[in-house]
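Presented below is the structure to which this report refers.
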Amino acid sequence: MQSNDPSSAPCPCSIIGTGSYLPERIMTNEDMSKIVDTSDEWITSRTGIKERRIAGPEQATSDLATNAALKAMEAAGVTAADIELIIVATVTPDMFFPSTACFVQKKLGATNAVCFDISAACSGFLYAMTVARQFLNSGSRKTALVIGAEKLSSLINWTDRNTCVLFGDGAGAVVMQRSDEPNPPGRVLSAVMGSDGSLTDLLKVPGGASACPITADNVGLRPNTIHMEGRETFKHAVTRMCQASEQALAIAGKTAADIDMVIPHQANARIISVIADRLGVPEEKTFINLHKYGNTSAATIPVALDEAHRSGRIKRGDVLLLVAFGGGFTWASSVMVW
Ligand code: COA
């Protein structure tokens with residue numbers, strides 16, 4: 001059920017550039033209250049979300065991903081020809097196949113890359129980073145593009161107030177590279193991952209794939225939208241994110257007192273607050289942007305990392321704790337030196 005990355009010792013690969021892209025269209029809580037029976041007061045007090053971004057009908061997940069990737073590549077100073085691996089974490093792929101990563105490859109012209117997607121819901125980006133590290137540490141690839149990208153608006157049941165107010169669209173990307181330095185900036189010190197497939201029912205998109213194809217008979221039930229048991233998910237999220245954080249800190253040889261910034265999955269401000277409290281990290285050391293974007297699943301952590309970096313909230317040498325939880329259930333945590 002729980003697996004620790006065996007190569008968690010300090011490794012000579014690191015994040016050398018970050019980028020993010022959020023669609024222009026803003027949907028506020030006020031806008032939501034015109035669609036379903038809800039209010040800005042309820043959404044803000046229960047989740048911390050004030051608004052979210054919604055992609056245009058002409059934009060697929062790979063378009064959001066490509067925009068974020070271009071910014072990360074510019075920041076890293078690498079070209080499309082340098083990229084040897086593209087991993088996209090997403091639950092909203094452009095199509096069942098080809099993979100979204102292959103569409104990103106085409107849009108970037110990254111002809112030297114091997115490309116595939118990872119499905120681990122909101123933990124997807126940290127899963128993808130860990131997979132990329134294995135390629136880089138093994139010496140099989142030098143430069144990787146790791147992306148978390150979602151067009152969750154395509155999976156939302158806009159008549160279900162329990163879920164439709166929570167999610168948004170966006171993408172974040174990092175360029176990871178094997179380094180010749182023993183301790184490069186942006187290095188990952190530890191990676192913890194876990195899954196519990198006995199709880200698949202609590203958070204899922206039940207229809208639209210092989211278990212329940214969309215038919216003329218079931219289309220009205222909207223099986224191809226997000227179904228979530230919110231309260232149960234909340235409890236598991238808090239427990240698993242705290243455990244994973246403590247494990248990632250222990251493997252890295254750090255304590256909560258060493259943390260300069262927690263970059264948590266952005267699902268609910270109350271979850272983040274409880275985790276900070278339990279870990280003993282002051283709230284000002286937690287990065288929050290979910291008031292602007294809602295829950296963008298695999299995109300939340302790379303978007304937050306990019307914003308924290310570009311805004312100066314994190315600086316070189318800072319110790320970061322990244323932690324996520326999502327459908328599956330899945331969870332993951334990493335400690336980094338920025
Ligand atoms: N507006 C107004 N009322 C709403 C509402 C909305 N958008 N959504 C739900 N409600 C109502 C419910 O119908 C319920 O009413 P009732 O008591 O009359 O039945 C009441 O608010 C409380 O619902 P509940 O689901 O218990 O609220 P909650 O405090 O648990 O908050 C979530 C709901 C979804 C915000 C919260 O459970 C959550 O964040 N869960 C975890 C999500 C998460 O971590 N995801 C991570 C993986 S992506």
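Every number in this text was worked out from the coordinates using simple rules, so none of it is lab data. Keep in mind that what you see is a predicted model, and the values were worked out from it rather than measured. We place every Cβ from the backbone using ideal geometry, glycine too, and count neighbours over all the protein chains shown.
Using C-alpha pairs below 8 Å separated by at least 6 residues, the relative contact order for the chain is 26 percent.
Would you mind telling me the antiparallel percentage of the DSSP bridges in the chain, rounded to 5? Beta bridges within the chain, antiparallel portion: roughly 75 percent.
Peptide packing for 116-124, 153-161, 210-218 was compared via the average number of neighbouring C-beta atoms within 10 Å per residue; ordered from the highest value, the list is 116-124, 153-161, 210-218.
For segment 254-338, treating each Cα as an identical point scatterer without solvent, what Debye log10 I(q)/I(0) comes out at q = 0.12, 0.15, 0.20 1/Å? Evaluating at q = 0.12, 0.15, 0.20 Å⁻¹ gives log10 I(q)/I(0) of -0.31, -0.49, -0.90. Summarising the overall dimensions of segment 112-204 from its C-alpha atoms, the Rg and Dmax are 16.6, 53 angstrom. Selection among LEU189, ASN218, VAL337 by position relative to the dipole of segment 187-337 gives VAL337 as farthest towards the positive end (Cβ unit charges, Cα centre).
With the chain treated as a Gaussian network of Cα nodes joined by springs under 10 Å, which of VAL281, VAL262, VAL146 yields the largest mean-square fluctuation? Of VAL281, VAL262, VAL146, the most mobile in the Gaussian network model is VAL281. Computed over all pairs of different Cα atoms, the Kirkwood value for the hydrodynamic radius of segment 128-179 is 13.2 Å. Quick note on the chain: its Rg to Rh ratio, both from C-alpha atoms and Rh being the Kirkwood radius, is 0.95.
Compute a Gaussian network model of the chain, connecting alpha carbons closer than 10 Å, and tell me which residue from MET129, MET193, MET95 fluctuates the most. Result: MET95 has the largest fluctuation of those listed. Per-residue ellipticity at 222 nm from helix content only, as computed over the chain with -39500 (n - 2.57) for each DSSP H run of at least four residues, stands at -9500 deg cm²/dmol. Highest average first, the peptides 195-206, 42-53, 298-309, 236-247 ordered by how many other beta carbon atoms sit within 10 Å of their residues are 298-309, 236-247, 42-53, 195-206. Taking Cα centre as origin and charging only the Cβ of basic (Lys, Arg, +1) and acidic (Asp, Glu, -1) residues, the dipole magnitude of the chain rounds to 320 debye. Once the mean of 1/r is taken over each pair of separate Cα atoms and inverted, segment 187-337 shows a Kirkwood hydrodynamic radius of 16.4 Å. Counting every alpha-carbon pair across segment 35-143, the share separated by more than 25 Å comes to 32%.
When the chain is treated as a GNM, springs tying every alpha-carbon pair under 10 Å, which of ALA101, ALA113, ALA171 comes out with the largest mean-square fluctuation? Among ALA101, ALA113, ALA171, the largest mean-square fluctuation in the Gaussian network model of the chain belongs to ALA113.
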